[in-house]
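Below: the structure, in structure tokens.
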Amino acid sequence: MEPAAGITERLVERLRRARRLVVLTGAGVSSESGVPTFRGKDGLWESYRAEELATGQAFEADPALVWRWYDYRRRLIADVEPNPAHHAIARLESAIEGFSLITQNVDGLHHQAGNSAPVELHGNIWRARCTREGLVKELRENPLREIPPHCPKCGALLRPDVVWYGEPLPSHAYEQADAAARSCDAMLVVGTSAMVRPAASLPLIAKHNGAFVVEVNIALTPISVLIDASLTGRAGEILPELVDRVLEASLGDGAGGAGRAERAETHNR
Ligand code: NAD
């Protein structure tokens, strides 16, 4: 098979030498599993105004409406499976000791693919949180029998355990992500439009601290010109090959330790 354009030996080498490798993912990593992104042609934005429904104000005004929307989204993704991009990322975790995964996705697919502890910046759609006591519980029932659902312990309303517009990220998750971005030698940024802050700042924090930063996306993004390389194409096609090559090159080689990024360059397919 022809190697994907842009996966140069130098790029593979820089990733191979990283002692600490961070992968940051967004909705694009799940799109080949059939989970709609918010900004693509089939994005949830088209038929549902996510920015109006995914807010604390909308929930206060009409919790049943918000939960019906989440019930719809949960049904949409209930049967989806991790795709080759998720599996490639899971292989990196098995092979690299200093590996961290940070995701903006709420679909739980990284966990399903075998990643043990993804930092979930925006929560998880399969969990709910008590609006009175903050108790978080898994809520797998699909479709939901009761809308809106109530806390089995205290009877208060449950809300989806996701981050809504206008809400801060869970502080522990953000601190973990920020620390990983500051200390990594290399970062792979996969399927994120790099428009939702503060997650979008993480690649720039990594770059500023000397990491080699590579994005994998079907399109260029606002960070493309600021990082070391852009691999333009589908994550499900590029990542398996990229990970194969990084891990093959590492076999039997004890070398490690990335230096500072040498110079900016962009590889386009
Ligand atoms: P986004 O919708 O803003 O951007 C998706 C990005 O993925 C785009 O840049 C697009 O070009 C790229 N992309 C699409 N298909 C791709 C593919 N096959 N391979 C590689 N790249 C591909 O998503 P975002 O940056 O994650 O931010 C938006 C917010 O949407 C986040 O807060 C996230 O929580 C939420 N969201 C999550 C899910 C999910 O859990 N799967 C789905 C929709 C939205």
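The values are calculated or read from the model by the stated rules, or taken from the named source; none is laboratory data. Just so it is clear, the structure is predicted and the values come from calculations on it, not from any experiment. All Cβ positions, glycine included, derive from the backbone under ideal geometry; neighbour counts span all protein chains shown. These accessible areas exclude ligands, DNA and RNA; they are computed on the full protein's heavy atoms, side chains included. Shrake-Rupley method; radii C 1.70, N 1.55, O 1.52, S 1.80 Å.
What are the pairs with Cβ atoms under 8 angstrom where one residue, in the range 132-154, is within 12 Å of residue 67 (Cα to Cα) and the other, located anywhere, is β-branched (Val, Ile, Thr) and surrounded by 13 or more Cβ atoms within 10 Å (Cβ to Cβ)? Sequence gap at least six, or different chains.
148/66
One residue is enough: does the range 175-189 have a residue meeting the conditions on the phi > 0 side of the Ramachandran plot, open to solvent by less than 20 Å² (accessible area, probe 1.4 Å) and in contact (Cβ under 8 Å) with a residue 40 or more places away in the chain?
no
So residue 170 fits all but one of (1) closer than 30 Å to residue 71 by Cβ; (2) open to solvent by 30 Å² or more (accessible area, probe 1.4 Å); (3) in contact with a helix residue (DSSP H, G or I) (Cβ under 9 Å, 6 or more places away or on another chain); (4) more than 10 Å from the ligand (Cβ to nearest atom); what number is the exception?
That leaves (3) as the condition not met.
For residues that are among the charged types (D, E, K, R) and open to solvent by less than 40 Å² (accessible area, probe 1.4 Å), scanning just the range 153-167, find the one that is farthest from residue 20 (Cα to Cα).
Checking each candidate, the answer is 159.
Suppose we filter 95, 88, 113 for residues that are within 21 Å of residue 244 (Cβ to Cβ) and touching a His at 6+ places or on another chain (Cβ under 6 Å); which single one remains?
Only one candidate passes the filter, namely 113.
Of the conditions (1) surrounded by fewer than 19 Cβ atoms within 10 Å (Cβ to Cβ); (2) within 16 Å of the ligand (Cβ to nearest atom), residue 61 clears all except one; give me its number.
Answer for residue 61: the failing condition is (2).
Whether any residue in the range 37-48 is at pLDDT 95 or above and either more than 15 Å from the chain's Cα centre (by Cα) or aliphatic (A, V, I, L, M) (or both) is what I want to check.
no
Any residue at all in the range 96-107 that is assigned by TED's automatic domain parsing to the domain that holds residue 200 and within 22 Å of residue 62 (Cβ to Cβ)?
Scanning the range 96-107, I find at least one residue that is assigned by TED's automatic domain parsing to the domain that holds residue 200 and within 22 Å of residue 62 (Cβ to Cβ), so the answer is yes.
Anything in the range 87-98 that is surrounded by fewer than 23 Cβ atoms within 10 Å (Cβ to Cβ) and either part of a helix (DSSP H, G or I) or touching a helix residue (DSSP H, G or I) at 6+ places or on another chain (Cβ under 7 Å) (or both)? List them, or say none.
87, 90, 91, 92, 93, 94, 95
Please go through the range 183-209 and give me each residue that is in contact with a helix residue (DSSP H, G or I) (Cβ under 7 Å, 6 or more places away or on another chain) and within 10 Å of the ligand (Cβ to nearest atom), ordered by number.
Result: 189, 190, 191, 192, 194.
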